[in-house]
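As C-alpha cells, the structure follows; a few thoughts come after it.
The values are calculated or read from the model by the stated rules, or taken from the named source; none is laboratory data. Just so we're clear, the structure is a prediction, and the values are computed from it rather than from any experiment. Quick reminder, even Gly has a Cβ in these numbers, built from the backbone with ideal geometry, and neighbours come from all protein chains shown. Only protein heavy atoms, including side chains, enter the accessible area calculation; ligands, DNA and RNA are left aside. Shrake-Rupley method; radii C 1.70, N 1.55, O 1.52, S 1.80 Å.
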Amino acid sequence: MSSKNERAAAARAKAQAQVKAQERRTTMIIVAASVVGLALFGALIFFIVNQGKVPALGEAGSTAPAASDASGGIPVGSGGVVGEDVPEDAPRVDIYLDFMCPICGTFEQINEADLNELREAGEIQVWYHPVSILDRFSNSTQFSTRSAAAAGVVADRAPEAFLDFMTAMFVNQPSEGTDGLSDDQIEEIALAAGVPEDVAGSLSNADFRKWATAATTQASQDGMQGTPTIAVSASGDFADMEILDPNDVAYFSEGGLKAYLEGLG
Amino acid sequence: MNVSSEVETGRWAAVQPWLSLVVRLAMAVILVAAAIPKMMDIPQSIIAVRAYRLLPEALVPFVGTMLPFVELLLALFLFAGLFTRLSAIVWLLMMAAFSAGVIWAWSQGYSIDCGCFGGGGDVAEGTTNYPLHMLERAGFIVLGAYLVAWPRSRFSADGWMKGD
C-alpha cells in the first residue's frame with residue numbers, strides 16, 4: 001500500500017518537474033525571441049540612421065572640392081594646380097591614397113618625381129583620391145577621414161598648394177596605431193606647405209569630412225579595395241579605367257609605373 | 001573488458017559537460033573578438049564585405065552593418081548556454097558562408113584580407129594568407145561540430161531549463 005503511494009507521489013513529482021521545465025523553456029523562448037528581435041531591430045535602426053548620415057557623392061550636404069569629379073578624384077594639371085590645364089585626352093592616372101597608409105608613402109616616394117615629370121609634360125592627367133579606409137588605426141581620432149577632408153579643403157580653396165600639402169602629409173606621416181596628427185598639426189603642415197592662413201584654419205570643415213566619407217564609398221564601389229590603388233585609363237575617360245595589378249605593373253619599383261605610362265602614349 | 005569500457009563511458013560523461021563548456025565559451029570569445037573591431041569601424045566592415053565581390057551592391061552596406069550585431073547576438077547565446085545546439089548550428093552555417101566567401105575570393109585570385117576580425121578589404125600582394133585562414137576556419141568548424149554533437153554543458157541556461 002505504502003509503496004503504491006510512494007510511486008504515485010514520485011510520478012506526481014516527476015510530472016510537476018516536467019511542467020516546471022516546460023514553463024522555464026517557454027519563458028526562455030520568449031526572452032530569447034525578444035532579445036533577438038530587439039537587437040535586430042536596433043541594428044536596423046542603426047543601419048538606417050548610418051545610411052542617412054553620409055550623403056552620396058554629389059548629394060546636398062557633402063561639399064566636394066570644386067574641381068573634383070563624380071569619382072571623387074582631384075585632378076592636378078600640368079602647372080601643378082588643381083583643376084587647371086588638365087589635358088583631357090591624355091591617359092588618366094587615378095591614385096587612391098590614405099594618409100595613414102605606410103605603403104602609400106612608399107608609393108609616393110618612388111613615383112612622385114616620375115608622375116610630376118609626365119604630368120608637367122602634359123603626357124598624363126593625374127587624379128588624386130584621398131580616401132579614409134584606415135580610421136581604425138588612429139585610436140578613434142579618425143585621422144584618415146580628417147586628413148582626407150583636409151586635402152579636399154586645400155584642393156578646393158588653395159588649389160596651387162595641394163601637391164605640396166600632400167607631399168608634406170606623407171613626410172610627416174604618423175605610424176599606424178597612434179593618434180595620428182591632430183587638427184592643429186595638420187594646420188601647421190598646411191601653413192608650411194604654402195596654404196593661406198584663412199584656408200589652413202578651415203581644414204576641419206564638417207562638410208568636407210562628409211565628402212571624404214562619400215568619396216571613399218564611391219571609390220570602394222569603383223573597385224578600390226585598399227591603398228594605394230592605381231587605376232589607369234588610356235583613353236583619358238574614367239569609365240575606361242582599369243585598376244593596375246602590381247604583379248603586371250611594378251609600381252613599387254623605381255621607374256616601373258613611368259615605363260608603363262610611357263608605353264601607353 | 002566490459003567493466004573498463006563502462007568506466008570510460010562514465011569518465012567521458014563526467015568530462016564532456018566541462019569540455020562543452022570550454023568549447024562554448026571559446027566560441028563566444030571568438031565571436032566577440034570578431035565583432036568588436038567591425039563595430040568600431042562599420043564603413044570598413046562594409047568595404048570588407050564589398051571586397052569579396054559576391055553580393056549585389058544594394059545588399060553590401062546592409063550585410064556589412066548587420067554582421068557584427070549578429071555575431072554579438074550569437075556570442076550572447078553561447079555565453080549563456082541557451083539553445084546551445086541551435087546556436088552551434090547557426091555558427092556552422094555562418095562558417096560555411098564565410099568559408100565559401102574566402103574560397104571564392106581565393107579561386108578568383110583576389111588579394112583580400114578575409115575581414116574576419118575586422119579590417120579587411122584589399123591587402124598588399126602576397127600578404128593574403130589564404131591557407132592559414134582556411135586552417136583557422138577548419139578549427140572553428142571542428143568547435144562548432146563538437147558542440148552540435150555534445151551541446152550539454154556545465155553552467156548553461158539549457159541545463160537550468162531542464163532542471164538539473
Estimated inter-spin distance, A:Gln22 and A:Glu262, nm [label 7 Å along Cα→Cβ]:
8.6
Exposed-loop cut sites defined as GluC sites (Glu not before Pro) in DSSP loop states with at most 11 other Cβ within 10 angstrom; longest site-free run of chain A spans A:89-265
Distance between the C-alpha centers of the stretch A:99-138 and the stretch B:16-66? Whole Å please.
32
For the stretch A:81-231, averaging the sequence separation of alpha carbon pairs under 8 Å that lie six or more residues apart and dividing by its residue count, the contact order in percent is 33
Accessible area per residue in Å² at 1.4 Å probe, computed on the protein assembly as shown:
48
First measure r as the distance between the Cβ atoms of A:Glu6 and A:Ile45, then evaluate 1/(1 + (r/R0)^6) with R0 = 51 Å and state the FRET efficiency to the nearest 0.05.
0.30
To the nearest 10 degrees, the tilt of helix A:162-171 (Cα long axis) against the first principal axis of the alpha carbons of chain A is 60
Placing unit charges on C-beta atoms (Lys and Arg positive, Asp and Glu negative, everything else neutral), compute the dipole magnitude of the stretch A:1-53 about its Cα centre in debye, rounded to 20.
260
Taking only C-alpha pairs under 8 Å that are 6+ residues apart, what is the relative contact order of chain A in percent?
24
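Enter the buried accessible area of the B/A pair, total of both sides, probe 1.4 Å, in Å² rounded to the nearest 100.
2500
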Any idea what angle helix A:206-221 forms with the longest principal axis of chain A, computed on alpha-carbon atoms, 0 to 90 degrees, nearest 10?
80
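Among DSSP bridges having both ends in the protein assembly as shown, what percentage is antiparallel? Round to the nearest 5.
The answer is about 70 percent antiparallel.
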5 Å is the cut-off here: which amide hydrogens, built 1.01 Å from N in the peptide plane, fall below it relative to A:Leu97, excluding neighbours closer than 5 in sequence?
A:His129, A:Val131
Tell me the angle of helix A:2-53 to the major Cα principal axis of chain A, expressed in degrees between 0 and 90 and rounded to the nearest ten.
20
When Lys and Arg each count +1 and Asp and Glu each count -1, what net charge do the other residues less than 11 Å away from A:Ala158, Cβ to Cβ, add up to?
-4
Given the protein chains as shown and a 1.4 Å probe, how many square angstrom of A:Ile110 are accessible, to the nearest 10?
30
Helix-only [θ]222 nm of chain A, DSSP H runs n ≥ 4, -39500 (n - 2.57) each, per residue, nearest 500
-17000 deg cm²/dmol
Relative contact order for the stretch B:1-80, counting Cα pairs under 8 Å that sit 6 or more residues apart, in percent:
39
Just the number, please: carbon plus sulfur as a percent of the accessible area of the protein assembly as shown, 1.4 Å probe, no ligands or DNA/RNA counted.
61
With heavy atoms of protein chains only and a 1.4 Å probe, what residues of the stretch A:19-40 have at least 10 Å² less accessible area in the full set of chains than alone?
A:Ala21, A:Arg24, A:Arg25, A:Met28, A:Ile29, A:Ala32, A:Val35, A:Val36, A:Ala39, A:Leu40
Give the share of C-alpha pairs in each 10 angstrom bin for the protein assembly as shown, from 0 to the last occupied bin, in whole percents, shortest bins first.
4, 18, 25, 20, 12, 9, 6, 3, 2, 1, 0, 0
Cβ-Cβ cut-off under 11 Å around B:Pro151, Lys and Arg +1, Asp and Glu -1: the net charge is +2
Leaving ligands, DNA and RNA out of it, rank B:Trp91, B:Trp18 by accessible area with a 1.4 Å probe, largest first.
B:Trp18, B:Trp91
